[in-house]
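Novice: Pasting in a structure now, in structure tokens, and then I'll have a few things to ask.
The values are calculated or read from the model by the stated rules, or taken from the named source; none is laboratory data. Just so it is clear, the model here is predicted, and its values are computed rather than measured. Heads up, the Cβs are rebuilt from the backbone with ideal geometry, glycines too, and the neighbour counts pull from every protein chain shown.
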């Protein structure tokens, strides 16, 4: 099965670099590229799950978005303006911008 560009109903907005430029990730193809080429951390359980989800053609767009959102939250790069997936309670929203706690990222060390 060919891996397609599955569009998401809502983008996941992230800030992957130090310069603060926002990136709106709208589909699985874009998520694959960002995870493989621009991700600010090298390891993490949610990162690995997201990589598997966006590279697996059998995973739905919703599940791929959920996994990408979780990995972005784990890396501390998801913005508070991003709508959390239904599977993630609102009280567990983005840690970096949503609740004011900044995580120290590998790129900032």
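Novice: Consider residue 95 carefully, then state whether it is at pLDDT below 90, assigned to a loop (DSSP other than H, G, I, E, B) and in contact with a helix residue (DSSP H, G or I) (Cβ under 8 Å, 6 or more places away or on another chain). Can you show your working first?
Specialist: Working: at pLDDT below 90: yes; assigned to a loop (DSSP other than H, G, I, E, B): yes; in contact with a helix residue (DSSP H, G or I) (Cβ under 8 Å, 6 or more places away or on another chain): yes.
Yes; evaluated as a whole, the condition is true for this residue.
Novice: Let me ask something else. Could you look through region 43-75, keep only residues that are touching a helix residue (DSSP H, G or I) at 6+ places or on another chain (Cβ under 7 Å) and not in a helix (DSSP H, G or I), and pick out the one that is surrounded by the most Cβ atoms within 10 Å (Cβ to Cβ)?
Specialist: Filtering region 43-75 for residues that are touching a helix residue (DSSP H, G or I) at 6+ places or on another chain (Cβ under 7 Å) and not in a helix (DSSP H, G or I), the one surrounded by the most Cβ atoms within 10 Å (Cβ to Cβ) comes out as 59.
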